[in-house]
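Novice: Starting off with a structure, shown below.
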Amino acid sequence: MRAAILLAFASLLPMAEAQSRAVAIRGGTVLPVSGPAIPNGTVVFENGKITAVGANVTIPAGAEIVDASGKYVMPGIVDAMTSLGFAATDLNEPGNAYTPELRAIEAFNPFGTFGAGKPGPIRMTESLSGGVTTMYIAPADASVIGGQGAVVKTAGENLGQITIREPASIDMAFGEPPKKAAASKQRDPGTRMAEVAILRQTLVKAQEYDRNHAQNPSAPRDLGMEALVKLLKRQIPARIQANKATDIRNALSVAQEFGFDLILDGGADAYEFRSMLADRKIPVVLGQISNPYVSNEEIPDRSDYPPPDETAAAKLKSAGVKTAIASFSRAFGTLAPAGESKWLLLDAAIAAGYGLTEAQVLESVTLVPAEILGVNQRVGSLDAGKDADVIILDGPPLSMKTWVQRVYVSGVLVHQR
Amino acid sequence: MKMFQRAALLCASLTVLLAQNVIVVQNGLVHTAAGPPLNNATIVVRDGKIAAVGTGISIPAGAKIYDAGGRHIIPGMLDEHSHIGAKPSDLNDRPMVIGPQHRFIDALDLHDPDWAEAVKGGVTTVTTGPGSGENVSGQAIVIKTFGDNLARRIVTEKGGIKWAMGPKSNERYPATAMGVAANLRQYLIKTQEYMATWKKWDDGDKKGTPPARDLGYEAMADVLTRKQRVRAHVHSATDVMTLLRLKDEFGFDLILHHSTEAYKVAPEIAKRGVSAVVMPLGDRIGVTDEAMQGAAILWKAGVRIAMHTDHPVINEKWLRLCGGLAMRYGLPEEEALKAMTINPATMARVSDRVGSIEPGKDADFVVLNGPWYEPATRIDLVFGDGQPIYDRAKESK
């Protein structure tokens, strides 16, 4: 009886979007990222998961054959930092710079001008056109503690289905953006010193909160403190945006003092700390190489946002620092319906002129960000068992002339050019 | 005796100077922006100017020779819309709504470290000017990105007068597109009246008190006499049409800047011979694929187009990526190159000096290790006025 009711309910829900038939992409140059390129390789996926990748692969009977000869097949791009899908007014709470209780997923709206704009399955068409299949979403950088980030897919049946890790982090920002936002509202933190002092005080409170709740489980709950306790217990890491050396030093010192896991975002000057970052296994998510800053301001001052050093990725990687490159796409006034995430691969390609190999560029926007986001069991490379997030390109992946021709997310063809 | 020594020294240094004055770059794949690519071509530079370019050119004796080894050579690029060389806080005088009297040169910092970065990116000339925080924000300049001597660097101080469409504040007039248009129209009419007053004085016996001078109307008068052009920041097709109507009424030279939706009214722009600086904000701010195709649509309609970085919105040195993106979205490769060289030079009225590799022009050109539009291509050498102003081989790692 209960089963029948459940079935009746299920039939009211939209049909689950799922891969209905095995797919075999063959004849192309397969770039699994987790291993060397496979000329004339085949990728097979079934029920949303990759089942085989290689040069000699048995194609299941009845599979749809996709001819990729002359083309390149690689995993979907993973953009490790965006605020895409946020309305401009939803990027940060204006009144308070320390809001760990906020959840990015509760501002995320992949519809309207941003997504397909229609009821039905989610298709973040602009991101998909650039081959981006997974992204991290977080509040913007006007707060020191912006809130809790999440990892989502760019296509799928519904919001529940596309969320693959939440909360994924406590998302923070140091330096000019929180200071400037504070100045415009005449509240704290007005200086870098205040940014760090209030953060430390907040984390001390979280330690006390945790201690108090261990002794007295019925003590009043505080959502922000609960989120920070997850950070202190190392269940989730902190993402701290820090570009200048001062801010990076502050992030490293606070992380050490409170013993939480740290991921550095932006990281314009991070290479100056590369041996320490390597020793402490702190990854870096670099901002776009062609952009002079990572911020939400239209015309920021150069002295606040040093232009990125194009060799930063190579310097960090050669020192053994886990380094990803991300778009830092933000909702931005009226001009940004979709974000620049779609050009992430082309932007990262610049690094190939500055000391990275092609393979290193590709891993910087696929497997490495997947590892940093803690979702590499599911995405980031073409390996059997992972989600069938596969893109087909019509030319070498780092060329300006190359376009993403097909995008599969969990085995479903969600974008075609 | 001392005098004689000095004269001798001077003669000696002149001789050295003369010997160094002929530079030859040979074996290049030269994209001149004035014709088809020249394979295995030679560029001869004399006294900082291009003396000859082509194949089968004899090399003058005593010339300093660079072998390009078959690499690509393109003209030094020109960014028609930049804010390089001034602090962002100096770009807009926000209390002002119409301020054509503001001169970018009064905010210019020759020691800004961005200049060296621009050179590394192969950008040798820029039109740099005030921002878009006023409806008229002032006078841009056209300036080389290299050299210590301001007078030599300035190509022209008349780099156009910046207009910026759209209301700049909700709290004062004008706060609507209609208000902006009416306010500009009123200012142009006042400028006409100002010019008439002065003409009357100039044509008369000039006795008594001359009319009062107004620096704003004086500057805007240059627009009406076409000594200056209007460089108009504009995004919406509606505002493009407003500008075209004002041009029809007042007869000024107009160049559209950013031009986000200009492609929607391309024939209107083309039939008036108006040029457009395109690809709003490159990859900095996401625009739809449709808007990204605007460059190609305008070009097909016959509109002269140029790329821009809007530095510091996009770093000056990545101008070539903006051209690459235009190519990606449908502009032919050679047209995309022209949109970073000869086209902006023509718009900036400096095409007699820069913008292509042709005899008589300033010897500003760039040697690259691959096609200019590929992200991974590196710029190896940049020549400015015939001298190597960036040499990657000498760069410390």
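Novice: Just to be sure before I move on: is B:Ala52 over 29 Å from B:Thr346 (Cα atoms) and aliphatic (A, V, I, L, M) in the structure I sent? Step through it out loud before you land on a result.
Specialist: Working: over 29 Å from B:Thr346 (Cα atoms): no; aliphatic (A, V, I, L, M): yes.
For B:Ala52, the condition - over 29 Å from B:Thr346 (Cα atoms) and aliphatic (A, V, I, L, M) - is not met.
Novice: Hey, could you check the range B:190-226 for residues that are of a type in the set (Val, Ile, Thr) and out of contact with any strand residue (DSSP E or B) (no Cβ under 9 Å at 6 or more places or on another chain) and say which is surrounded by the fewest Cβ atoms within 10 Å (Cβ to Cβ)? So that I can check it myself, show each step before the final result.
Specialist: Just the residues of the range B:190-226 that are of a type in the set (Val, Ile, Thr), to begin with: B:191, B:197, B:209, B:223, B:225.
Retained after the next criterion (residues that are out of contact with any strand residue (DSSP E or B) (no Cβ under 9 Å at 6 or more places or on another chain)): B:191, B:197, B:209, B:225.
Numbers: B:Thr191: 22, B:Thr197: 14, B:Thr209: 6, B:Thr225: 11.
Looking at the filtered set, the residue picked out is B:Thr209.
Novice: Can you work out which of the residues in the range A:256-278 that are part of a helix (DSSP H, G or I) and in contact with a strand residue (DSSP E or B) (Cβ under 7 Å, 6 or more places away or on another chain) is surrounded by the fewest Cβ atoms within 10 Å (Cβ to Cβ)? So that I can check it myself, show each step before the final result.
Specialist: Applying the first criterion (part of a helix (DSSP H, G or I)) to the range A:256-278 yields A:256-258, A:270-278.
Cutting the leftovers down to in contact with a strand residue (DSSP E or B) (Cβ under 7 Å, 6 or more places away or on another chain) gives us A:270, A:277.
Values: A:Ala270: 29, A:Leu277: 25.
Applying the filter and picking the extreme gives A:Leu277.
Novice: For residues that are more than 17 Å from A:Asp389 (Cα to Cα) and part of a strand (DSSP E or B), tally how many sit in the range A:31-66.
Specialist: Going through the range A:31-66 one residue at a time, the tally reaches 3.
Novice: Across the range A:134-160, what is the total count of residues that are out of contact with any Phe, Trp or Tyr (no Cβ under 8 Å at 6 or more places or on another chain) and in contact (Cβ under 8 Å) with a residue 24 or more places away in the chain?
Specialist: Step one: of the range A:134-160, the residues out of contact with any Phe, Trp or Tyr (no Cβ under 8 Å at 6 or more places or on another chain) are A:134-136, A:138, A:141-142, A:146-148, A:153-158, A:160.
Subsequent filtering for residues that are in contact (Cβ under 8 Å) with a residue 24 or more places away in the chain retains A:134-136, A:138, A:141-142, A:146-148, A:153-158.
Result for the range A:134-160: 15.
Novice: Would you mention how many residues in the range A:205-242 are β-branched (Val, Ile, Thr) and farther than 26 Å from A:Ala138 by Cβ? Please lay out each step first, then the result.
Specialist: The initial filter retains those residues of the range A:205-242 that are β-branched (Val, Ile, Thr), namely A:229, A:236, A:240.
Filter once more, so that each one left must be farther than 26 Å from A:Ala138 by Cβ: none.
Final tally of qualifying residues: 0.
Novice: Yes or no: the range B:323-336 includes at least one residue that is within 14 Å of another protein chain (Cβ to nearest Cβ), under 14 Å from the mean Cα position of the chain (by Cα) and not charged (D, E, K, R). Lay out the reasoning, then the answer.
Specialist: Applying the first criterion (within 14 Å of another protein chain (Cβ to nearest Cβ)) to the range B:323-336 yields B:323-333, B:336.
Next, from what is left, pick out any that are under 14 Å from the mean Cα position of the chain (by Cα): none.
No, the range B:323-336 has no match at all.
Novice: Does the range B:161-170 contain at least one residue that is in contact with a Gly (Cβ under 8 Å, 6 or more places away or on another chain), over 16 Å from B:Asp239 (Cβ atoms), away from chain A (no Cβ under 14 Å) and among the β-branched types (Val, Ile, Thr)?
Specialist: Applying the first criterion (in contact with a Gly (Cβ under 8 Å, 6 or more places away or on another chain)) to the range B:161-170 yields B:161-162, B:164, B:167-168.
Those left that are additionally over 16 Å from B:Asp239 (Cβ atoms): B:161.
This time we only want the ones that are away from chain A (no Cβ under 14 Å), so: B:161.
Still in the running and among the β-branched types (Val, Ile, Thr): B:161.
Scanning the range B:161-170, I find at least one residue that is in contact with a Gly (Cβ under 8 Å, 6 or more places away or on another chain), over 16 Å from B:Asp239 (Cβ atoms), away from chain A (no Cβ under 14 Å) and among the β-branched types (Val, Ile, Thr), so the answer is yes.
Novice: If you check B:Gly147, B:Gly131, which single one turns out to be in contact (Cβ under 8 Å) with a residue 60 or more places away in the chain and either among the basic types (Lys, Arg) or crowded, with 16+ Cβ neighbours inside 10 Å (or both)? Can you show your working first?
Specialist: Details: B:Gly131 fails: in contact (Cβ under 8 Å) with a residue 60 or more places away in the chain.
Sole residue among the options that is in contact (Cβ under 8 Å) with a residue 60 or more places away in the chain and either among the basic types (Lys, Arg) or crowded, with 16+ Cβ neighbours inside 10 Å (or both): B:Gly147.
Novice: Residues of the range B:340-388 being over 19 Å from the mean Cα position of the chain (by Cα), away from chain A (no Cβ under 14 Å) and of a type in the set (A, V, I, L, M), which ones?
Specialist: Across the range B:340-388, the qualifying residues are B:Val367, B:Leu381.
Novice: What are the pairs, 6+ residues apart or on separate chains, where a residue within the range A:354-365 that is within 16 Å of A:Gly320 (Cα to Cα) has its Cβ under 8 Å from a residue that is assigned to a loop (DSSP other than H, G, I, E, B) and modelled with pLDDT under 95?
Specialist: That search, which allows pairs on different chains as well, returns A:Gly355/A:Thr311.
Novice: Still on this structure: Do you know which of the residues in the range B:31-58 that are among the charged types (D, E, K, R) and touching a strand residue (DSSP E or B) at 6+ places or on another chain (Cβ under 8 Å) is surrounded by the fewest Cβ atoms within 10 Å (Cβ to Cβ)?
Specialist: Filtering the range B:31-58 down to residues among the charged types (D, E, K, R) leaves B:46-47, B:49.
Imposing the further condition that a residue be touching a strand residue (DSSP E or B) at 6+ places or on another chain (Cβ under 8 Å) reduces the set to B:46, B:49.
Values: B:Arg46: 17, B:Lys49: 15.
Filtering the range B:31-58 for residues that are among the charged types (D, E, K, R) and touching a strand residue (DSSP E or B) at 6+ places or on another chain (Cβ under 8 Å), the one surrounded by the fewest Cβ atoms within 10 Å (Cβ to Cβ) comes out as B:Lys49.
Novice: Pairs under 6 Å by beta carbon, first residue part of a loop (DSSP other than H, G, I, E, B) in the range A:226-246, partner at pLDDT 95 or above, six or more apart or different chains?
Specialist: A:Arg234/A:Asp261; A:Ile236/A:Pro167; A:Ile236/A:Ser169; A:Ile236/A:Lys230; A:Pro237/A:Ser169; A:Pro237/A:Asp261; A:Pro237/A:Ile263
Novice: Next question, about the same structure. Does the range B:146-198 hold any residues that are in a loop (DSSP other than H, G, I, E, B), under 30 Å from B:Val354 (Cβ atoms) and among the small types (Gly, Ala, Ser), and which are they?
Specialist: If the condition is that a residue be in a loop (DSSP other than H, G, I, E, B), under 30 Å from B:Val354 (Cβ atoms) and among the small types (Gly, Ala, Ser), then B:Gly147, B:Gly159, B:Gly160 are the ones that fit.
Novice: Residues of the range A:281-316 being within 12 Å of chain B (Cβ to nearest Cβ), farther than 20 Å from B:Pro113 by Cα and modelled with pLDDT of 85 or more, which ones?
Specialist: Scanning the range A:281-316 gives A:Gly287, A:Ala314, A:Lys315.
Novice: How many of the residues making up the range A:53-100 are under 21 Å from A:Thr134 (Cα atoms) and of a type outside the set (Asp, Glu)?
Specialist: Adding up the residues that qualify gives 17.
Novice: Determine whether A:Ile263 is within 18 Å of the chain's Cα centre (by Cα) and within 16 Å of A:Ile198 (Cα to Cα). Step through it out loud before you land on a result.
Specialist: Working: within 18 Å of the chain's Cα centre (by Cα): yes; within 16 Å of A:Ile198 (Cα to Cα): no.
Judged against the criteria, A:Ile263 is not a match.
Novice: Tell me, yes or no, whether the range A:196-215 has at least one residue that is free of Cβ contacts under 8 Å to residues at least 12 places away in the same chain and within 16 Å of A:Gln256 (Cβ to Cβ).
Specialist: Within the range A:196-215, one or more residues are free of Cβ contacts under 8 Å to residues at least 12 places away in the same chain and within 16 Å of A:Gln256 (Cβ to Cβ).
Novice: Give B:Arg328, B:Arg349, B:Arg304 a once-over and let me know the one that is surrounded by fewer than 24 Cβ atoms within 10 Å (Cβ to Cβ), over 30 Å from B:Asp289 (Cα atoms), of a type in the set (Lys, Arg) and in the same structural domain as B:Val126 (by TED's automatic domain parsing). Talk me through it step by step, then tell me what you get.
Specialist: Details: B:Arg328 fails: over 30 Å from B:Asp289 (Cα atoms); B:Arg304 fails: over 30 Å from B:Asp289 (Cα atoms).
Result of the check over B:Arg328, B:Arg349, B:Arg304: B:Arg349.
Yes/no matrix, rows are residues, columns are (1) away from chain A (no Cβ under 14 Å); (2) in contact with a strand residue (DSSP E or B) (Cβ under 7 Å, 6 or more places away or on another chain); (3) under 16 Å from B:Ala348 (Cβ atoms); (4) at pLDDT below 95:
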{"site": "B:Gln228", "(1), (2), (3), (4)": "yes, yes, yes, no"}
{"site": "B:Ala232", "(1), (2), (3), (4)": "yes, yes, yes, no"}
{"site": "B:Leu244", "(1), (2), (3), (4)": "yes, no, no, no"}
{"site": "B:Val265", "(1), (2), (3), (4)": "yes, no, no, no"}
{"site": "B:Leu298", "(1), (2), (3), (4)": "yes, yes, no, no"}
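The values are calculated or read from the model by the stated rules, or taken from the named source; none is laboratory data. Predicted, not measured: the structure shown is a model, and the values here were computed from it. Backbone-built Cβ (ideal geometry, glycine too); neighbour counts: all protein chains shown.
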